[in-house]
Amino acid sequence: QAQLVESGGGLVQPGGSLRLSCSASRIIFSIAAMGWYRQAPGKQRELVASISNGGITNYAGSVEGRFTISRDNAKATVDLQMNGLKPEDTAVYYCTRIGSGAWGPGTQVTVSS
């Protein structure tokens with residue numbers, strides 16, 4: 001099963017930026033569709049962004065234009081660049097191989113002044 005480890009979370013002021021990174025192992029990364037999800041307290045986990053093995057991206061409407069997902073097949077990493085952060089972006093962010101059921105432990109993102 002895939003092993004995934006997220007990094008890059010932290011505390012940032014509204015309007016600020018963070019870059020999350022997910023390192024994957026035990027999968028053939030180059031053929032895997034990857035995604036970033038998030039879960040805020042008291043809410044269901046939701047898809048933030050995904051990227052296919054061919055580089056086709058998809059975003060939740062709430063982050064479109066602010067977040068960018070990218071992948072590096074040589075390094076087996078998938079990143080999420082988050083700009084223009086808002087308090088409602090506060091959540092634990094998780095990396096996953098789409099459809100695998102495998103999740104990383106998550107990284108906390110807190111947007112607050």
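Annotations
- Cα coordinate range in segment 60-112, projected on the principal axes (Å, largest first): 32, 21, 19
- Basic side chains Lys and Arg get +1 at the Cβ, acidic Asp and Glu get -1 at the Cβ, and with that the dipole of the chain about its Cα centre reaches some 160 debye.
- Applying the Karplus relation 6.51 cos²θ - 1.76 cosθ + 1.60 with θ = phi - 60° to segment 48-57 yields 3J(HN,Hα) values of 9, 7, 9, 9, 7, 5, x, x, 6, 10 Hz, where x marks Gly and Pro.
- Taking all pairs of distinct alpha-carbon atoms in segment 26-92, Kirkwood radius in angstrom: 12.7 Å
- Whole-angstrom Cα spans of segment 21-63 along principal axes, big to small: 34, 22, 15
- For the chain, the solvent-accessible area of protein heavy atoms averages 51 Å² per residue (probe radius 1.4 Å; ligands and nucleic acids excluded).
- In this simple spin-label model, placing a label point 7 Å from the Cα along the Cα-to-Cβ direction at both N73 and S113 gives a separation of 4.5 nm.
- Protection proxy ranking, peptides 50-58, 22-30, average beta carbon neighbours within 10 Å, highest first: 22-30, 50-58
- Its convex hull of Cα atoms gives the chain a direction-averaged projected area, equal to a quarter of the hull surface, of 6.4 nm².
- Percent accessible area from carbon and sulfur atoms, the chain, protein chains only, probe 1.4 Å: 48 percent
- Extended-chain gain in nm, criterion 0.36 nm per residue less alpha-carbon gap, I31 and S100: 23.6 nm
- Here's the picture: charge each Lys and Arg Cβ at +1 and each Asp and Glu Cβ at -1 in the chain, and of A2, T57, S70 the one pushed furthest to the positive end of that dipole is A2.
- Relative contact order (%) - criterion: Cα under 8 Å, at least six apart; region: the chain: 38 percent
The values are calculated or read from the model by the stated rules, or taken from the named source; none is laboratory data. No experiment lies behind these values; they were computed from the predicted model shown. Backbone-built Cβ (ideal geometry, glycine too); neighbour counts: all protein chains shown. Each accessible area value is taken on the protein alone, full model and side chains, heavy atoms only, with ligands, DNA and RNA left out. Shrake-Rupley method; radii C 1.70, N 1.55, O 1.52, S 1.80 Å.
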